[in-house]
Amino acid sequence: MNKTFNINGTCYPEENYMVDMESRLKEIEKLVDNKKYFTINRARQYGKTTLLNLMVQYLSVKYTVFSVSFEGLGDSVFEKEASFCSMICKILYDAICYDEVPSVETPVKNIVYEVVQNNSVEDLFSLSAMISELCGAAKRPVVLMIDEVDQAGGHKVFLDFLGMIRSKYLKRTTRPVFRSVIFAGVYDIKNLRQRIRKDEEYQYNSPWNIAADFCVDMSFTTSDIAGMLRAYAADKNA
């Protein structure tokens, strides 16, 4: 397959000419190794989804990585706690079914399959219990990445979900939990706004204050671009 330049959507190393992301991936790996939870928030077409795809393969050498997305989900799944919790389980299940979780272990598969088939996770408490069971059963630490989290912005249930993740993070020495949680979107979810009641003003109310700062430079340097062009020139002169 001939490689092409791609400026629309996700880039794939086997299909597209790309800058070398090795140094950025190493920086992100350090955050995960240090059990950091963080958000990658950049403008659209900045390469967030491409980076997440590369991270799955890079981190999967030593972690079980679930990389899912809220893109394309209707607002209805965020209206009630039961529908939201069910959706979280289903997108984990979907990722396993399409072999998007490299080297996922059978006990982890079985836990996700069972809760989806029995529809047994209907609130955040049971979702929290399922997460602990899943992370406890995994032989390798589990990393959760969710792209397009802006889709959930402003919905109370998502803020409650962040609160649950925060609670589990604070109890991580006594209860199994994700090694790292990474959210990606246009906006920083530390600044999510919520209207508690219809007659109230929007207020800042995000429990995501446990998140570490994401200081990885995602902009492309001259040398980054030069390396991509050298790969192109080598192909054309071959």
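Each reported figure results from applying straightforward, stated rules to the coordinates on display, with no laboratory input. Fair warning: this is a prediction, and the values are worked out from it, not measured in the lab. Methodologically, a virtual Cβ is constructed for each residue, glycine included, from the backbone with ideal geometry; neighbour enumeration extends over all protein chains shown.
Points to keep in mind about this one:
- Taking every alpha-carbon pair under 8 Å whose residues sit at least 6 apart, the chain reaches a relative contact order of 27 percent.
- Across the chain, the longest run free of exposed loop sites, meaning chymotrypsin sites (Phe, Trp or Tyr not before Pro) lying outside DSSP classes H, G, I, E and B with no more than 15 other Cβ atoms within 10 Å, spans 99-186.
- Glu71-Asn8 pseudo-label distance in nm [points 7 Å out on the Cα-to-Cβ vector]: 1.4
- In Hz, Karplus ³J(HN,Hα) per residue of the range 48-59 (6.51, -1.76, 1.60; θ = phi - 60°; x = Gly, Pro): 4, 5, 4, 4, 4, 4, 5, 5, 4, 5, 5, 7
- Karplus (6.51, -1.76, 1.60) ³J(HN,Hα), θ = phi - 60°, over the range 101-115, in Hz, Gly and Pro reported as x: 10, x, 6, 5, 7, 4, x, 5, 4, 5, 5, 5, 4, 5, 5
- Label-zone membership for the range 147-186, site Lys80, 7 angstrom Cα→C-beta point, backbone N under 15 Å: 157
- Net charge of Cβ neighbours under 13 Å - reference Phe220; Lys, Arg +1; Asp, Glu -1: -1
- Pairs spanning more than 25 Å between alpha-carbon atoms, out of Lys109/Lys168; Lys62/Lys190; Lys48/Lys90; Lys26/Lys109; Lys80/Lys139: Lys62/Lys190; Lys26/Lys109; Lys80/Lys139.
- With the simple spin-label model, which puts each label point 7 Å out from Cα in the Cβ direction, the Met218 to Tyr169 separation comes to 1.8 nm.
- Computed [θ] at 222 nm, helices only, for the chain once each DSSP H run of length n ≥ 4 contributes -39500 (n - 2.57): -13500 deg cm²/dmol
- Entry for Cα extents along the principal axes in Å (calculated from the structure that is shown) out of (1) 60, 46, 32; (2) 62, 56, 37; (3) 52, 41, 32: (1)
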